[in-house]
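Each remark here refers to the structure printed beneath this line.
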Number of protein chains: 2
Amino acid sequence: MKINTDLHTQHISQQFNAELNEVKNRLLAMGGLVEKQVSDAIEALIEADSELARSVREKDELINDMEMAIDEECTRILARRQPAASDLRLVIACSKAASDLERVGDEAAKVARHAIELCEQGESPRGYVETRHIGDRVRAMIKDSLTAFARFDTDLALTVAKADKSVDMEYKSAMRELVTFMMEDPRSISRVLNIMWVLRSLERVGDHARNIAEHLIYLVKGTDVRHLSYKEMKRELKD
Amino acid sequence: MKINTDLHTQHISQQFNAELNEVKNRLLAMGGLVEKQVSDAIEALIEADSELARSVREKDELINDMEMAIDEECTRILARRQPAASDLRLVIACSKAASDLERVGDEAAKVARHAIELCEQGESPRGYVETRHIGDRVRAMIKDSLTAFARFDTDLALTVAKADKSVDMEYKSAMRELVTFMMEDPRSISRVLNIMWVLRSLERVGDHARNIAEHLIYLVKGTDVRHLSYKEMKRELKD
């Protein structure tokens, strides 16, 4: 009897672990797609590829569905498995990270919408160098936050928070430059505004990458590091 | 023995209900404060009251703390009480709504920051009528979404989703007008940009109010209505 019960318990626990792994894998798959959306949206903008921009907008629905599926699975696990401690934190962190990825998807779709508008207006405006640069940086941040999640790597998560700080500064400086450019050439106003909205979206992508990194730190350490500065976060992780 | 066990179970369940109520009440208290932040930020902007703007920015930290406290309480309930069905949905909905309220608080702080910049630049630019109007609308949406939450009122939640649609249209039309104004008077560019960012923030506040309404619908009906259009949502609620 003892052996049977043990086997049964072991079976349940194996199944439970498989379910937790499945949620995590789904999150990483969703992350891969979202990262591609961000890079495709930037590509579409810079190469004036309206077809690519349109495909980004269409795929956004798929990302929304992925988030809802992950959320449903998380709720199902909470209801049936009643996880505790680190298992519970994994479920919560996955659900929150999925929500951030969904918002990154929204930002990518917005960038794609501006790419289409810019294609229609023809002629490339200023600010593409900054867009490319900030775009590459936030895409790398998303990638790193997901790798951190995959490996439970809090050091890598910390570098994402650090990168967010410097992206914010680059964003501000790019925006100042664009305002100056608008003033010098008022005919460019509506095109430059499109680029400003794009940069704003990319800056938001960086914020979400930082959020995902924070969810991972919560998952591994059990500490809520939201709203801490990079320095405070670093100190918290050393303790 | 039977009676004692029953009393014990009853006691546990009363305590559990008290905890659930406490989380909901905290959410509503947070909501009240956030609503005040939005209206103060708009007031500060329109009345050029930089002191009020600064107090909005300072209070944002309090709102962040409230969100973290609600989240912690939700996690504690999940771990200890292992809620199911509608109790589980209440915990999930409160945690998600708190996250939306925290972001509304961020947007209010951003509006306050622009209010300070505009005070420094002196002279009020165009767009205050639109700001006042859209500001009043999204503040009412936040209020309604919280009342819907307090009363489990899905009909009221539905009106929030409807309002979001018309706010989005008003936002777009206000933005078009501001672009025209910029082109006519390039010296106003940086002041008008401030107003544009403010309108963008207010439009986001409307989105968050809609999200909160969606969380409430999920809580009451058990259906995930995110990413549905207003029409689809209405149909879903009638079924």
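Computed from the coordinates by the stated procedures, all read-outs in this text should not be read as laboratory data. Please read all numbers here as calculations on a predicted model, not as lab measurements. Cβ atoms come from the backbone with ideal geometry, glycine included; neighbour counts cover every protein chain shown.
A few comments on the model shown:
- Number of residues in the range B:53-86 that are surrounded by 17 or more Cβ atoms within 10 Å (Cβ to Cβ) and in a helix (DSSP H, G or I): the value is 16.
- Residue selection: B:Arg204 fails the criterion of being buried (at least 16 other Cβ atoms within 10 Å of the Cβ) and either outside any helix (DSSP H, G or I) or of a type in the set (Asp, Glu) (or both).
- Taking the range A:218-234 as the range and being closer than 17 Å to B:Ser99 by Cβ and not in a loop (DSSP other than H, G, I, E, B) as the test, the residues that pass are A:Tyr218, A:Leu219.
- Hey, A:Arg176 over 24 Å from A:Ser95 (Cα atoms) and either over 23 Å from the mean Cα position of the chain (by Cα) or among the aromatic types (Phe, Trp, Tyr) (or both) or not: yes
- Test: residue in the range A:128-141 that is more than 29 Å from B:Arg200 (Cβ to Cβ), in contact (Cβ under 8 Å) with a residue 60 or more places away in the chain and in a helix (DSSP H, G or I): no
- Yes/no for A:Leu45 being out of contact with any Gly (no Cβ under 6 Å at 6 or more places or on another chain), in contact (Cβ under 8 Å) with a residue 12 or more places away in the chain, more than 14 Å from chain B (Cβ to nearest Cβ) and surrounded by 19 or more Cβ atoms within 10 Å (Cβ to Cβ): yes
- Verdict on B:Lys96 being closer than 21 Å to A:His208 by Cα, at the interface with another protein chain (Cβ under 10 Å from one of its Cβ atoms) and touching a helix residue (DSSP H, G or I) at 6+ places or on another chain (Cβ under 8 Å): yes
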